[in-house]
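One structure below.
The values are calculated or read from the model by the stated rules, or taken from the named source; none is laboratory data. The structure displayed is predicted, hence computed values, not measured ones. Note that we place each Cβ from the backbone using ideal geometry, even for glycine, and neighbour counts take in every protein chain shown. Just the protein is used for accessible areas: all its heavy atoms, side chains included, with ligands, DNA and RNA removed. Shrake-Rupley method; radii C 1.70, N 1.55, O 1.52, S 1.80 Å.
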Amino acid sequence: MTIGELADRFGLATHVLRHWEAVGLLAPARRVNGRRRYGPEALARVAIILQCKELGFGLEQVRELLHAGDPATRKEVLARHDADLERRIAIATAAREMIAHGLNCPAPDLLECPNFLAGIEARIPPARAR
């Protein structure tokens, strides 16, 4: 199939597939008269890339995952991503708690809400020793 056909199948712009080629995620099976032609395996490859992006992987991580030569390397990439997800979940959870305090506080001003202020004070770094 052509690059346009492959892109259309997934609702993507052709420049996205060209970019994925440039970063080593996708390669045409062959070229005919200088034009890219993709085989059926490209469908699975694009689906994998899209799934990884939905899971929060960056393109570099996707490339590492797709090019992992052994299970240990693949597991290391996945473990790094899992740790990053845990960190982001903790940040999002803290953000939701702060928002909940703001929504439920009867104080007329957030700067008068003791729970909100406690969260803000926790973000202020201590003074540096001179």
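If I measure Cβ to Cβ between cysteines in the chain, which ones have no partner under 4.7 Å?
For the chain, the answer is Cys52, because their Cβ atoms have no other cysteine Cβ under 4.7 Å.
Contour minus end-to-end for Ala79 and Asn33, with contour as 0.36 nm per residue of separation and end-to-end as the Cα-Cα distance? Don't jump to the answer; show the numbers that get you there.
Details: separation 46, 0.36 × 46 = 16.56 nm, distance 4.32 nm.
Separation in residues times 0.36 nm, less the Cα-Cα distance, equals 12.2 nm.
Can you give the calculated 222 nm mean residue ellipticity of the chain, where each DSSP H run of n ≥ 4 adds -39,500 (n - 2.57) and the sum is split over every residue, rounded to the nearest 500 deg cm²/dmol? Intermediate values should be presented prior to the final figure.
Numbers: 6 runs with 83 residues, N = 130.
Counting only the DSSP helices, I get -20500 deg cm²/dmol.
So, R0 is 22 Å and r is the distance between the beta-carbons of Glu54 and Glu86; what FRET efficiency does that work out to, to 0.05? Each step should come with its number before you reach the end.
Numbers: r = 18 Å, r/R0 = 0.82.
Efficiency, from the Cβ-Cβ distance: 0.75.
Distance between the C-alpha centers of segment 1-65 and segment 92-121? Whole Å please.
Value for the Cα centre distance between the two parts: 45 Å.
Projected area of the chain, taken from the Cα convex hull and averaged over every viewing direction, in nm²?
On the way: hull surface 57.2 nm².
For the chain, the mean projected area of the Cα convex hull comes to 14.3 nm².
Give me the percent of accessible area attributable to carbon and sulfur for segment 51-124, probe 1.4 angstrom. Mind dumping the intermediate values first?
Numbers: 3200 of 5460 Å².
Reported share for carbon and sulfur atoms: 59 percent.
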